[in-house]
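Heads up: the structure comes next, in structure tokens.
Since every read-out is calculated from the coordinates, none of them should be taken as a lab result. Every value quoted in this text rests on a predicted model; they were computed, and no experiment measured them. A quick note on method: Cβ atoms are made from the backbone with ideal geometry, for glycine too, and the neighbour counts reach across all protein chains shown.
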């Protein structure tokens with residue numbers, strides 16, 4: 001009798017909208033079980049199977065709470081984790097949506113941004129390394145085009161946290177590689193979501209493909225990096241921005 005194929009499992013942070021929402025759908029449509037993490041309770045507006053029972057409410061801006069949630073996540077994994085996608089990210093704005101620069105951003109905001117965007121990914125990966133190793137899994141960190149240049153809308157704390165996350169990806173690839181775990185990053189550019197800053201559409205004039213990206217286009221790259229199709233790819237950051245970075 002043929003042994004039944006094991007269902008793969010994804011743990012995704014920041015699933016409730018935009019790229020995260022598209023990523024859940026992408027993996028779910030391909031038969032994966034998806035565990036989602038968010039500071040909010042599960043929303044009935046997120047139409048994927050098993051959503052509520054596979055949702056973990058975590059405040060990723062609090063490292064103590066993030067570490068404390070690891071055991072609860074582990075109990076849902078049955079010993080293995082095929083993919084961890086660190087998608088959650090925050091980019092606070094000033095009054096009237098103003099970009100916060102290095103002069104205007106207070107220390108508390110710097111700390112909050114780095115806890116969510118930079119520290120949470122390594123806390124989760126380290127805490128679940130045995131499960132990742134058991135599955136010979138993959139980690140994908142979602143960085144940003146803002147990590148490599150001053151962006152007209154992304155704040156200084158966000159941009160520097162994403163640059164640090166890109167460097168962390170390289171370090172993790174080196175350290176997790178001997179466990180059989182691949183670690184990569186994707187750097188989205190201007191993606192059409194409900195939280196775009198006013199004026200973003202004007203940037204299409206400077207993007208070689210002359211359009212905004214779609215969340216599904218980012219999700220498909222994430223899926224590639226978590227699949228066997230990229231089995232010898234590790235330590236890279238893939239730009240998903242319509243050649244905006246060139």
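Values computed for the structure shown
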quantity: Fully extended contour minus Cα-Cα distance, from residue 75 to residue 231, at 0.36 nm per residue; calculated: 53.5 nm
quantity: Distance histogram in 10 Å bins (all Cα pairs of the range 115-230, percent per bin); calculated: 13, 39, 32, 14, 2
quantity: Whole-Å semi-axes of the ellipsoid equivalent to the range 1-122 (Cα gyration tensor, √5λ, descending); calculated: 31, 16, 12
quantity: If the convex hull is drawn through the Cα atoms of the range 176-245, its volume per residue in Å³; calculated: 97 Å³
quantity: Segments 97-103, 16-22 sorted - mean Cβ within 10 Å per residue, highest first; calculated: 16-22, 97-103
quantity: Angle between the chain longest axis and helix 215-226 axis [Cα atoms, degrees, rounded to 10]; calculated: 40 degrees
quantity: Packing-based exposure ordering (other Cβ within 10 Å, fewest first) of 26, 226; calculated: 26, 226
quantity: Full-stretch length increase - residue 95, residue 209 - with 0.36 nm per residue and alpha-carbon distance subtracted; calculated: 37.8 nm
quantity: Contour minus Cα-Cα distance for residue 243 and residue 201 (0.36 nm per residue); calculated: 13.5 nm
quantity: Degrees, to the nearest 10: 156-176 long Cα axis against longest axis of the chain; calculated: 30 degrees
quantity: Global geometry of the range 78-159, whether rounded, prolate or oblate, following the gyration tensor of its Cα atoms and the 1.5 cut on a/c; calculated: prolate
quantity: Helix 63-75 axis, angle to the chain major axis (alpha carbon atoms, nearest 10°); calculated: 30 degrees
quantity: Residue-averaged 222 nm ellipticity for the chain, from DSSP H runs of 4+ at -39500 (n - 2.57), nearest 500; calculated: -10000 deg cm²/dmol
quantity: Inverse mean reciprocal Cα-Cα distance (Kirkwood Rh) of the chain, Å; calculated: 18.3 Å
